[in-house]
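**Q** Quick one: this structure, given as structure tokens, is what I'll be asking you about.
Values quoted throughout were computed directly from the atomic coordinates according to the rules given, and no laboratory measurement underlies them. Quick caveat, the model's predicted, so the values are computed rather than measured. Don't worry about glycine lacking a Cβ; one is built from the backbone with ideal geometry, like all the others, and counts go over all protein chains shown.
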């Protein structure tokens, strides 16, 4: 039997393995466009398909209270296996645009039983220090998200077929599922939902502190996944503007996105001294500043400054994510914690579809340098939601 630290390490590694499915399609996007003769707009559509699948999945999981009624480790396992299968199916030569969209949708649906359920499991093991634990957990999500870009770099340098990226991420996902099933039993602080409360997914919003954290998270999500999705696009656009710069876009994409894994962990430790809410607000403010400065940085000629700016942005854009999840988990009742995390994730990822599709549409009419400045409303709305004074409800 693993101790609590061993369990946390297992959850972190399993989360990394399984969330590598998220951007597996983005990691080989150029190959998908070429091999299946897709339109360039497929970048936004395929990314949104994953998000939409995740949204529908989390809505179903939240409404049915799956993570609160059944063993979360088993939910995680089955979700990982199905996600691995749908991801691997993308290598089939007979795929067309429609089937690829469906497979990415089903992968996203499977991820609904991985990401929020992993946080639920962590909260079942850690009553104190949850912010640090979720910092490691979301850090693993960030590295998993960035990992397909690193795999793409390796396949380029060794002239390995692009399908290896999908095969590897699917294998990792299956491994993560088995590790969770066999090594992580129900946590000591788990409170099972004995009788299904179909209203739990909206009752959680009656708590003012919960609403405050949730709206801060929603503003954060307007920016996060769109930034991640368009990092390769921005790098390629800068390369076209400065032909002698940026020789390895997949590697830089990995570094920019993956750097957020470090900031998630550091932010968790900082929050112990500075407070979870304040630390989240600082990260959200800094990412908003990056949105505003992005056109100025894009048009300057220093490649080093441009790359370091994007790495810094990659760190602050996600540093607040585990902190918001901590606030959400701490302000939800133990019996509905899984449902609370899942429904907030569902709404947050619904917001990402609008921002991704907006930027995807506007890239046809705007200069690339001005695309990401349109993400600034997210941090602004998030900060307002986080600090807006709310009256306590008169009902219970």
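**Q** Using a simple spin-label model with points 7 Å from Cα along the Cα→Cβ vector, what separation in nm is obtained for residue 273 and residue 387?
**A** Here the modelled spin labels are 2.2 nm apart.
**Q** So, one more: For the ranges 359-370, 244-255, what's the packing order if you count other beta-carbon atoms within 10 Å of each residue, average per peptide, and put the highest first? The partial results should precede the final answer.
**A** Details: 359-370: 14.4, 244-255: 17.8.
So the order, starting with the most tightly packed, is 244-255, 359-370.
**Q** With contacts defined as alpha carbon pairs under 8 Å and 6 or more residues apart, what's the relative contact order of the stretch 293-385 in percent? Working shown, then result.
**A** Numbers: 28 pairs, mean separation 34.1, N = 93.
Relative contact order, the stretch 293-385: 37 percent.
**Q** Taking the Cα atoms only, what angle lies between the long axis of helix 321-330 and the longest principal axis of the chain, rounded to 10 degrees?
**A** The two axes meet at around 10 degrees.
**Q** Taking the Cα atoms only, what angle lies between the long axis of helix 42-64 and the longest principal axis of the chain, rounded to 10 degrees?
**A** It works out to around 10 degrees.
**Q** In deg cm²/dmol, rounded to 500, what helix-only [θ] at 222 nm does the chain give when every DSSP H run of at least 4 residues adds -39500 (n - 2.57) and the total is split over its residues?
**A** Values: 18 runs with 299 residues, N = 396.
Taking each H run of at least 4 residues, the total per residue is -25000 deg cm²/dmol.
**Q** Label residue 370 and residue 248 with points 7 Å out from Cα along Cα→Cβ: what is the distance between them in nm?
**A** 3.5
**Q** Which whole-number percent is the relative contact order of the stretch 1-126 (Cα, under 8 Å, 6+ apart)? Could you put the intermediate results ahead of the total?
**A** Working: 134 pairs, mean separation 48.2, N = 126.
Taking the mean separation of contacting Cα pairs over the length of the stretch 1-126, I get 38 percent.
**Q** If you don't mind, another one. Normalising by the residue count of the chain, find the relative contact order in percent from Cα pairs under 8 Å and 6+ residues apart.
**A** Taking the mean separation of contacting Cα pairs over the length of the chain, I get 28 percent.
**Q** Set the Förster distance to 51 Å, then compute FRET efficiency between residue 301 and residue 60 from the Cβ-Cβ distance, nearest 0.05. It would help to have the intermediate numbers written out before the result.
**A** Details: r = 50 Å, r/R0 = 0.98.
The computed FRET efficiency comes out at 0.55.
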